[in-house]
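The values are calculated or read from the model by the stated rules, or taken from the named source; none is laboratory data. Keep in mind that this is a model prediction, so the values were computed, not measured. Glycine also receives a Cβ, built like all others from the backbone with ideal geometry; neighbour counts cover every protein chain displayed.
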Amino acid sequence: MALPDSAADRHREVAGAFAARVATTPDWEAPAPVAGWTARDVVAHLVEWFPGFLGGGGITLPAGPAVADDPVAAWQHHADAVQHLIETRGEESFTHPIAGTHRLADAADRFYTADVFMHTWDLSTATGQEHGLDVDFAATLLEGMAPIEELLRSSGQYGAAVPVADDAPVVDRLMGFIGRDPAWAPPA
(Lines give C-alpha, C1' and ligand atoms only; values in the text may rest on other atoms or scores of the structure.)
Protein backbone atom coordinates (compact mmCIF):
# COMPACT_ATOMS: atom_id res chain seq x y z
CA MET A 1 0.00 0.00 0.00
CA ALA A 2 1.47 3.33 -1.06
CA LEU A 3 1.98 6.14 1.40
CA PRO A 4 -0.23 9.24 1.07
CA ASP A 5 0.87 12.03 -1.24
CA SER A 6 0.34 14.96 1.13
CA ALA A 7 3.22 15.83 3.45
CA ALA A 8 0.93 15.96 6.50
CA ASP A 9 -0.70 12.61 5.78
CA ARG A 10 2.61 10.97 4.93
CA HIS A 11 4.19 12.24 8.16
CA ARG A 12 1.22 11.01 10.18
CA GLU A 13 1.54 7.52 8.70
CA VAL A 14 5.35 7.26 8.83
CA ALA A 15 5.55 8.71 12.36
CA GLY A 16 2.73 6.40 13.43
CA ALA A 17 4.55 3.36 12.08
CA PHE A 18 7.67 4.44 13.94
CA ALA A 19 5.59 5.02 17.09
CA ALA A 20 4.27 1.46 16.88
CA ARG A 21 7.86 0.15 16.95
CA VAL A 22 8.78 2.54 19.77
CA ALA A 23 5.80 1.36 21.84
CA THR A 24 6.81 -2.29 21.49
CA THR A 25 10.56 -1.94 21.96
CA PRO A 26 11.52 -4.48 24.61
CA ASP A 27 15.10 -3.32 25.25
CA TRP A 28 16.21 0.28 24.85
CA GLU A 29 19.87 -0.69 25.15
CA ALA A 30 19.68 -3.19 22.25
CA PRO A 31 22.42 -2.52 19.69
CA ALA A 32 21.20 -0.85 16.50
CA PRO A 33 22.52 -1.28 12.94
CA VAL A 34 24.18 2.16 13.17
CA ALA A 35 27.63 1.62 14.68
CA GLY A 36 27.71 2.67 18.33
CA TRP A 37 23.94 3.28 18.55
CA THR A 38 21.30 1.58 20.66
CA ALA A 39 17.55 1.46 20.09
CA ARG A 40 17.27 4.50 22.39
CA ASP A 41 19.80 6.39 20.25
CA VAL A 42 17.66 5.89 17.14
CA VAL A 43 14.76 7.66 18.86
CA ALA A 44 17.05 10.32 20.34
CA HIS A 45 18.48 11.11 16.92
CA LEU A 46 15.06 11.81 15.44
CA VAL A 47 13.80 13.77 18.45
CA GLU A 48 16.96 15.87 18.69
CA TRP A 49 18.12 16.76 15.16
CA PHE A 50 14.92 18.09 13.63
CA PRO A 51 14.33 20.87 16.20
CA GLY A 52 17.85 22.13 15.43
CA PHE A 53 17.12 22.03 11.71
CA LEU A 54 13.91 23.98 12.21
CA GLY A 55 15.71 26.41 14.52
CA GLY A 56 18.08 27.21 11.67
CA GLY A 57 15.03 28.66 9.91
CA GLY A 58 13.62 30.42 12.98
CA ILE A 59 11.04 27.82 14.06
CA THR A 60 10.93 26.39 17.57
CA LEU A 61 9.23 23.13 18.47
CA PRO A 62 7.92 22.83 22.03
CA ALA A 63 10.26 20.88 24.30
CA GLY A 64 9.03 17.54 25.55
CA PRO A 65 10.13 14.65 27.72
CA ALA A 66 13.74 13.51 27.43
CA VAL A 67 14.41 10.34 25.46
CA ALA A 68 16.77 9.25 28.26
CA ASP A 69 13.84 9.30 30.71
CA ASP A 70 10.96 8.05 28.57
CA PRO A 71 11.57 7.26 24.89
CA VAL A 72 7.90 6.45 24.25
CA ALA A 73 6.61 9.76 25.68
CA ALA A 74 9.46 11.71 24.05
CA TRP A 75 8.68 10.26 20.63
CA GLN A 76 4.93 10.83 20.93
CA HIS A 77 5.35 14.43 22.06
CA HIS A 78 7.82 15.14 19.27
CA ALA A 79 5.78 13.44 16.54
CA ASP A 80 2.64 15.28 17.65
CA ALA A 81 4.49 18.62 17.62
CA VAL A 82 5.84 18.01 14.11
CA GLN A 83 2.40 16.92 12.88
CA HIS A 84 0.82 20.07 14.32
CA LEU A 85 3.52 22.22 12.70
CA ILE A 86 3.00 20.65 9.27
CA GLU A 87 -0.78 20.92 9.51
CA THR A 88 -0.90 24.51 10.77
CA ARG A 89 2.11 26.13 9.11
CA GLY A 90 2.95 23.80 6.25
CA GLU A 91 2.15 26.33 3.53
CA GLU A 92 4.61 28.89 4.93
CA SER A 93 7.95 29.49 3.26
CA PHE A 94 10.86 28.07 5.25
CA THR A 95 14.46 29.09 4.63
CA HIS A 96 17.30 27.08 6.09
CA PRO A 97 20.88 28.39 5.74
CA ILE A 98 22.10 25.13 4.18
CA ALA A 99 18.97 23.41 2.83
CA GLY A 100 17.60 26.50 1.07
CA THR A 101 14.02 27.73 0.75
CA HIS A 102 11.05 25.37 0.60
CA ARG A 103 7.44 25.27 1.60
CA LEU A 104 7.65 24.21 5.27
CA ALA A 105 5.63 21.03 4.66
CA ASP A 106 7.97 20.07 1.81
CA ALA A 107 11.10 20.68 3.92
CA ALA A 108 9.68 18.50 6.70
CA ASP A 109 8.71 15.81 4.21
CA ARG A 110 11.98 15.77 2.30
CA PHE A 111 14.44 16.07 5.16
CA TYR A 112 12.61 14.67 8.16
CA THR A 113 9.78 12.29 7.26
CA ALA A 114 12.13 10.46 4.90
CA ASP A 115 14.61 10.13 7.78
CA VAL A 116 11.94 8.73 10.11
CA PHE A 117 11.04 6.25 7.39
CA MET A 118 14.62 5.04 7.03
CA HIS A 119 15.28 4.93 10.78
CA THR A 120 12.18 2.77 11.19
CA TRP A 121 14.30 0.04 9.65
CA ASP A 122 17.04 0.68 12.23
CA LEU A 123 14.71 0.47 15.21
CA SER A 124 12.83 -2.51 13.82
CA THR A 125 16.02 -4.39 13.09
CA ALA A 126 17.56 -3.58 16.48
CA THR A 127 14.49 -4.83 18.32
CA GLY A 128 13.52 -7.82 16.19
CA GLN A 129 10.37 -6.24 14.77
CA GLU A 130 9.15 -6.30 11.17
CA HIS A 131 9.98 -3.01 9.47
CA GLY A 132 6.89 -2.98 7.26
CA LEU A 133 8.36 -0.22 5.07
CA ASP A 134 6.42 0.81 1.99
CA VAL A 135 8.35 -0.46 -1.03
CA ASP A 136 7.08 2.29 -3.34
CA PHE A 137 8.31 5.04 -1.01
CA ALA A 138 11.62 3.19 -0.54
CA ALA A 139 12.01 3.11 -4.34
CA THR A 140 11.16 6.81 -4.59
CA LEU A 141 13.75 7.70 -1.95
CA LEU A 142 16.42 5.56 -3.57
CA GLU A 143 15.67 7.02 -7.00
CA GLY A 144 15.89 10.57 -5.63
CA MET A 145 19.06 10.00 -3.62
CA ALA A 146 21.11 8.08 -6.19
CA PRO A 147 21.83 11.11 -8.43
CA ILE A 148 23.13 13.12 -5.46
CA GLU A 149 25.13 10.32 -3.85
CA GLU A 150 28.38 12.28 -3.72
CA LEU A 151 26.68 15.23 -2.04
CA LEU A 152 24.99 12.95 0.50
CA ARG A 153 28.18 11.09 1.37
CA SER A 154 30.21 14.30 1.66
CA SER A 155 27.64 15.65 4.16
CA GLY A 156 28.78 13.05 6.67
CA GLN A 157 25.18 11.97 7.24
CA TYR A 158 25.53 8.69 5.36
CA GLY A 159 28.11 5.96 5.67
CA ALA A 160 29.79 4.18 2.82
CA ALA A 161 27.35 2.23 0.69
CA VAL A 162 27.05 -1.47 1.51
CA PRO A 163 27.07 -3.58 -1.67
CA VAL A 164 23.66 -5.13 -2.31
CA ALA A 165 22.62 -7.21 -5.32
CA ASP A 166 20.85 -5.24 -8.05
CA ASP A 167 17.88 -7.60 -7.79
CA ALA A 168 17.64 -7.42 -3.99
CA PRO A 169 14.39 -6.09 -2.51
CA VAL A 170 14.20 -2.31 -2.82
CA VAL A 171 14.22 -1.78 0.96
CA ASP A 172 17.49 -3.74 1.14
CA ARG A 173 18.92 -1.65 -1.71
CA LEU A 174 17.89 1.58 0.06
CA MET A 175 19.44 0.43 3.32
CA GLY A 176 22.64 -0.56 1.53
CA PHE A 177 22.71 2.81 -0.21
CA ILE A 178 22.53 4.71 3.09
CA GLY A 179 25.25 2.57 4.62
CA ARG A 180 23.34 -0.20 6.37
CA ASP A 181 24.00 -3.90 5.96
CA PRO A 182 20.58 -5.38 5.15
CA ALA A 183 21.81 -8.69 6.63
CA TRP A 184 22.68 -7.07 10.00
CA ALA A 185 21.18 -8.78 13.01
CA PRO A 186 21.53 -8.01 16.71
CA PRO A 187 24.24 -10.00 18.46
CA ALA A 188 22.95 -13.26 19.91
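Can you tell me which residues in segment 36-94 are acidic (Asp, Glu) and within 14 Å of the chain's Cα centre (by Cα)? Passing the criteria: Asp41, Glu48.
Of all residue pairs spaced 6 or more apart or on separate chains, those with beta-carbon atoms under 6 Å, a first member in segment 82-105 that is in contact (Cβ under 8 Å) with a residue 12 or more places away in the chain and within 10 Å of Gly57 (Cα to Cα) and a second member that is of a type in the set (S, T, N, Q) and exposed (fewer than 15 other Cβ atoms within 10 Å of the Cβ) are Thr95/Thr101. For segment 99-120, state whether one or more residues are assigned to a loop (DSSP other than H, G, I, E, B), surrounded by fewer than 14 Cβ atoms within 10 Å (Cβ to Cβ) and of a type outside the set (Gly, Ala, Ser). Looking for residues that are assigned to a loop (DSSP other than H, G, I, E, B), surrounded by fewer than 14 Cβ atoms within 10 Å (Cβ to Cβ) and of a type outside the set (Gly, Ala, Ser), one finds none in segment 99-120, hence no.
For segment 64-75, the set of residues classified as outside any helix (DSSP H, G or I) and either free of Cβ contacts under 8 Å to residues at least 12 places away in the same chain or not hydrophobic (A, V, I, L, M, F, W, C) (or both) consists of Gly64, Pro65, Ala66, Asp69, Asp70, listed by residue number.
Looking across Gly179, Gly144, Gly156, one residue alone is modelled with pLDDT under 95, loosely packed, with under 14 Cβ neighbours inside 10 Å and on the phi > 0 side of the Ramachandran plot. It is Gly156. For segment 1-19, a residue qualifies if it is within 18 Å of Ile86 (Cα to Cα) and either of a type in the set (Val, Ile, Thr) or in a loop (DSSP other than H, G, I, E, B) (or both), and the qualifying residues are Leu3, Pro4, Asp5, Ser6, Val14.
When Leu142, Leu152 are checked against the criterion of being farther than 25 Å from Ala20 by Cα and part of a helix (DSSP H, G or I), a single residue qualifies: Leu152. I'd like the full set of residues that are in contact with a helix residue (DSSP H, G or I) (Cβ under 9 Å, 6 or more places away or on another chain) and either among the basic types (Lys, Arg) or part of a loop (DSSP other than H, G, I, E, B) (or both), limited to segment 168-188. If the condition is that a residue be in contact with a helix residue (DSSP H, G or I) (Cβ under 9 Å, 6 or more places away or on another chain) and either among the basic types (Lys, Arg) or part of a loop (DSSP other than H, G, I, E, B) (or both), then Ala168, Pro169, Arg173, Ile178, Gly179, Arg180, Asp181, Pro182, Ala183, Trp184, Ala185, Pro186 are the ones that fit. Taken over segment 130-158, the criterion of being farther than 27 Å from Pro26 by Cα and of a type in the set (Gly, Ala, Ser) is satisfied by Ala139, Gly144, Ala146, Ser154, Ser155, Gly156.
Residues in segment 93-142 that are of a type in the set (Val, Ile, Thr) and more than 22 Å from Leu54 (Cα to Cα): Thr125, Thr127, Val135, Thr140. Looking across segment 20-48, the residues that are part of a helix (DSSP H, G or I) and either at pLDDT below 95 or surrounded by 17 or more Cβ atoms within 10 Å (Cβ to Cβ) (or both) come down to Arg21, Val22, Ala39, Arg40, Asp41, Val42, Val43, Ala44, His45, Leu46, Val47.
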